[in-house]
2 protein chains.
Amino acid sequence: MFNAIAEPQRREILVLLRSGERPVTELAQELGMTQPGASKHLRVLREVGLVRDRKVGKQRLYGLDARGLRPVHEWAGGFERFWNESFDRLDAYVRNLEQARNEGAAE
Amino acid sequence: MFNAIAEPQRREILVLLRSGERPVTELAQELGMTQPGASKHLRVLREVGLVRDRKVGKQRLYGLDARGLRPVHEWAGGFERFWNESFDRLDAYVRNLEQARNEGAAE
DNA sequence: TTGACGCATGCCGATATCGGCATATGATGA
DNA sequence: TCATCATATGCCGATATCGGCATGCGTCAA
């Protein structure tokens, strides 16, 4: 999952799909990539469940299934307190924790 | 940034550093990896600014600087409405968008 | 200065990734 | 059935990644 969204083009695909399903060729065109390139990225996204596809005639429409991004959001959110404090205060905070850790028992 | 946190071990390092600064060897020990392995991952995290280091005697303490995770959090949050709806409703929503997109002008 | 410690770096081999190209597959329509 | 369109897959070369190992470099203590 984290790996799937590590690729800039795949993130662009997901952003594009927020405004609706699209066939592969259209995605490739909008992102300035080849059709096989788009298909490969879509495959990765499909394998982690971030997109789903349904066949419509000759085409295959890809749509967003962003549920897998929720864990990502929550994981990053677990660090929210660290970026909300000013960096100086954070530094002091970290030092305090370090001190407490060294004085306490093994973690 | 997204690439840096795509690695499970690097994510574990960040989680560990939430509770305080740590020297390299201790991180390596806690994560069951070799010291060079830990150093390499820390280097990647340092290059994207997710950790900072300060020298204390012979040791080098690594601390968290999670500010770079804020864009990640916000990017994933941009998909929140998609995972908050039930998947059936999401599907209808997506179909509506697709319909509107096809009826409208070129995007 | 020497030795020991903590850490970083370089090298290696194995594996994965990515883009581009050609081509296979599947569905449609004549 | 045959041609065509839309898409997927296979192959290739270039590049990146990762783990493990050895070793270099800086720091401290004696």
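Taken as a whole, the condition of being within 20 Å of residue B:82 (Cα to Cα) and not hydrophobic (A, V, I, L, M, F, W, C) applies to residue A:22.
Listed by position, the helices (runs of 4 or more DSSP H) contained in segment A:5-83 that have at least 3 residues being open to solvent by 50 Å² or more (accessible area, probe 1.4 Å) and within 16 Å of DNA strand C (Cβ to nearest atom) are A:8-17, A:24-31, A:35-47. Within segment A:6-18, one or more residues are closer than 30 Å to residue B:61 by Cα, modelled with pLDDT of 95 or more and not hydroxyl-bearing (Ser, Thr, Tyr).
Anything in segment A:4-23 that is free of Cβ contacts under 8 Å to residues at least 40 places away in the same chain and within 7 Å of another protein chain (Cβ to nearest Cβ)? List them, or say none. Result: A:6, A:19.
The values are calculated or read from the model by the stated rules, or taken from the named source; none is laboratory data. Please read all numbers here as calculations on a predicted model, not as lab measurements. FYI the Cβ positions are ideal-geometry reconstructions off the backbone, even for glycines, and counts take in every protein chain you see. SASA here: full protein model, heavy atoms, side chains in, ligands and nucleic acids out. Shrake-Rupley method; radii C 1.70, N 1.55, O 1.52, S 1.80 Å.
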